[in-house]
């Protein structure tokens, strides 16, 4: 098979079509740089130039949306690049009904949209870009802190009004991200686990807002879903979402990559544990894990990635090893499978 462009390779992989080689991408936070569009764009571009991934996943600060509603945070050296919250916008349950929709062209949200524009201008049209979009439940947690789920259960109507405002804002944000050059969004969830909510609670307070955001981004071909949870995922529920691929902690919890492919018709994005493999592993063990991911999936419908953000402490040699392993494995056996004579 002829060498594919990045967008061709990724598009084909997510549709479970033949590829010239297995696509690969990793992503991380850029603390400090993530406070300004220009510096975040430069950091993301430097990262891409260093490793030549098959798509760029733009990763804003974990506090970016909450900042515009009044939460405050600081970076204290977290190895994942996460900021710590110093104050929350929601101090009283009635603050939920005081939330107002944001102008997504201003503040930290506006900085992320400008970052998309800058990166697209720099890389041209053939390098895919996906922008992280936190779902409303995720953002609500960053507005209220540890008391969020208690508020949700004790005053569901009030919190529901707040979720509607957050959802309205993120719908506008997602739509503008595509207008600024993103090929899709990377919708991040944190509450789609039975460890935090019941299925009925997620269907009431999570799913409708998730789907509204995905509807706003439907023109994108690179809409991905991240299920952030280490156990008891509501995978079967979220597998119904209209996304091109799903990323989750497949090395830690059900389902495996192969089981995920059975439950979800699109691409599976994963195969690597961000800490155990990328921080503690070696190039040799990483090659083994990439090969294992390819074996699980038959090389079809797979994008090699970590289960969440790459820790800042991961050796660069390990990141290079992941990319090299994907290149060395080629199409993961698809070519030989296609050329095998009928029996």
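Of the beta bridges DSSP finds with both residues in segment 163-290, what % are antiparallel, to the nearest 5? If you can, show how the numbers build up before the last one.
Values: 1 of 12 bridges.
Percentage antiparallel, nearest 5: 10.
What ranking do 64, 249, 320 get, fewest neighbouring Cβ atoms within 10 angstrom at the top?
Ascending Cβ contact count within 10 Å gives the list 320, 249, 64.
Mind computing the radius of gyration and Dmax over the alpha-carbon atoms of segment 6-333? Å is fine for both.
Calculated on Cα positions, Rg and Dmax stand at 18.7, 58 Å.
Go ahead and set up a Gaussian network model of the chain, Cα springs under 10 Å, then flag whichever of 173, 55, 148 fluctuates most.
The residue with the greatest mean-square fluctuation here is 148.
Angle between the Cα long axis of helix 283-297 and the longest principal axis of the chain, 0 to 90 degrees, nearest 10?
Roughly 90 degrees, rounded to the nearest 10.
In degrees, nearest 10, range 0 to 90: what is the angle between the Cα axis of helix 156-179 and the longest Cα principal axis of the chain?
50 degrees
For a protection proxy built on the mean count of beta-carbon atoms within 10 angstrom, sort 80-90, 176-186 highest first, please.
Output ranking for 80-90, 176-186: 176-186, 80-90.
Grab the Cα-Cα distance for residue 291 and residue 38, subtract it from 0.36 nm times how many residues apart they are, and report the gain in nm with one decimal. Mind dumping the intermediate values first?
On the way: separation 253, 0.36 × 253 = 91.08 nm, distance 3.71 nm.
Difference between extended and current length: 87.4 nm.
Relative to the first principal axis of the alpha-carbon coordinates of the chain, what is the inclination of helix 316-329, with its axis defined by its Cα atoms, in degrees from 0 to 90 and to the nearest 10?
Here the helix axis deviates by roughly 50 degrees.
Which residue fluctuates most in the GNM of the chain (Cα springs below 10 Å): 223, 78, 247?
Largest GNM mean-square fluctuation: 78.
So how far, in whole Å, is the C-alpha centre of segment 59-87 from the one of segment 111-150?
Using only Cα atoms, the two centres lie 13 Å from each other.
With an 8 Å Cα cut-off and a minimum separation of 6 or more residues, compute the relative contact order for segment 6-333 in percent.
With pairs under 8 Å counted, the relative contact order is 21 percent.
Sorting 3, 308 on the 10 Å Cβ count, fewest up front, what's the list? Can you show the working numbers first?
Working: 3 8, 308 20.
Exposure proxy ranking, most exposed first: 3, 308.
Across the Cα atoms of segment 152-202, what radius of gyration and what greatest pairwise Cα-Cα distance (Dmax) are found, in Å?
14.0, 41
Considering only segment 6-333, what is the antiparallel percent among its DSSP beta bridges, to the nearest 5?
Of those bridges, close to 15 percent are antiparallel.
Read-outs throughout are calculated quantities, based only on the coordinates presented, and are distinct from any laboratory measurement. The structure displayed is predicted, hence computed values, not measured ones. No Cβ is skipped: glycine too gets one built from the backbone with ideal geometry, and neighbour counts run over all protein chains shown.
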